[in-house]
Amino acid sequence: QVQLVESGGGLVQPGESLRLSCAASGIFFRSYDMGWYRQAPGEQRELVASISSGSTTNYPASVKGRFTISRDNAKNTVYLQMNSLRPEDTAVYYCTAQRGSTDYWGQGTQVTVSS
């Protein structure tokens, strides 16, 4: 059974940082491309960071320079370090694992940025 379990979300003030974690089980983790998506109320889900099985990373312009994705294959875990958070970063953040046409999603963790 495949499980992706996100943690680390919460309520922070603008300018603060959070680190999200996603622990994977039931997959050969190191062979999967991993990603983080987010979805704000009334908005479409959007990619915020990805890291390939070879550790190549990709970010959209909206988070580049503020967010960093990393992976620890020994721990089957992917991380998202989020710095300089803004109110517009408020969303539910989802972890994904993709390989070929197969993808898995976590349940999501809420991130709220508000003063």
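Mind listing just one residue for me: the one in the range 61-78 that is part of a loop (DSSP other than H, G, I, E, B) and under 18 Å from residue 18 (Cβ atoms) and, of those, most open to solvent (accessible area, probe 1.4 Å)? First the steps, then the outcome.
Our first condition is that a residue be part of a loop (DSSP other than H, G, I, E, B); within the range 61-78, this holds for 61-66, 73-76.
Now narrow it down to the ones that are under 18 Å from residue 18 (Cβ atoms): 62-66.
On the way: 62: 53, 63: 0, 64: 143, 65: 82, 66: 20 Å².
This residue is 64.
Given the criterion more than 13 Å from residue 71 (Cβ to Cβ) and either at pLDDT below 95 or open to solvent by less than 30 Å² (accessible area, probe 1.4 Å) (or both), identify the matching residue among 47, 18, 11. Full working, then the answer.
On the way: 47 fails: either at pLDDT below 95 or open to solvent by less than 30 Å² (accessible area, probe 1.4 Å) (or both); 11 fails: either at pLDDT below 95 or open to solvent by less than 30 Å² (accessible area, probe 1.4 Å) (or both).
Just one listed residue meets the conditions, 18.
I need the full set of residues from the range 41-60 which are assigned to a loop (DSSP other than H, G, I, E, B), under 16 Å from the mean Cα position of the chain (by Cα) and more than 12 Å from residue 94 (Cβ to Cβ), in order please. Talk me through it step by step, then tell me what you get.
Initially, the range 41-60 is screened for residues assigned to a loop (DSSP other than H, G, I, E, B), giving 41-45, 52-56, 59-60.
Remaining after also requiring under 16 Å from the mean Cα position of the chain (by Cα): 44-45, 52-53, 55-56, 59-60.
The answer is 44, 52, 53, 55, 56, 59, 60.
Return the pairs, sorted by first residue and then second, in which the second residue is hydroxyl-bearing (Ser, Thr, Tyr), the first residue lies in the range 62-75 and is closer than 25 Å to residue 27 by Cα, the beta carbons are less than 6 Å apart, and the residues are 6+ apart or on different chains.
69/57; 70/79
Tell me, yes or no, whether the range 79-87 has at least one residue that is buried (at least 16 other Cβ atoms within 10 Å of the Cβ), within 16 Å of residue 3 (Cα to Cα) and either in contact with an Asp or Glu (Cβ under 9 Å, 6 or more places away or on another chain) or touching a residue at least 24 places away in the same chain (Cβ under 8 Å) (or both). So that I can check it myself, show each step before the final result.
Within the range 79-87, the subset buried (at least 16 other Cβ atoms within 10 Å of the Cβ) is 79-80, 82, 85.
Remaining after also requiring within 16 Å of residue 3 (Cα to Cα): 79.
Applying the additional criterion that residues be either in contact with an Asp or Glu (Cβ under 9 Å, 6 or more places away or on another chain) or touching a residue at least 24 places away in the same chain (Cβ under 8 Å) (or both) yields 79.
Yes, some residue in the range 79-87 is buried (at least 16 other Cβ atoms within 10 Å of the Cβ), within 16 Å of residue 3 (Cα to Cα) and either in contact with an Asp or Glu (Cβ under 9 Å, 6 or more places away or on another chain) or touching a residue at least 24 places away in the same chain (Cβ under 8 Å) (or both).
The values are calculated or read from the model by the stated rules, or taken from the named source; none is laboratory data. Worth saying up front: this structure is predicted, and the values here are computed from it rather than measured. In this analysis, Cβ positions are derived from the backbone assuming ideal geometry, glycine residues included, and neighbour counts consider all displayed protein chains. All accessible areas refer to the heavy atoms of the entire protein, side chains included, with ligands and DNA or RNA removed. Shrake-Rupley method; radii C 1.70, N 1.55, O 1.52, S 1.80 Å.
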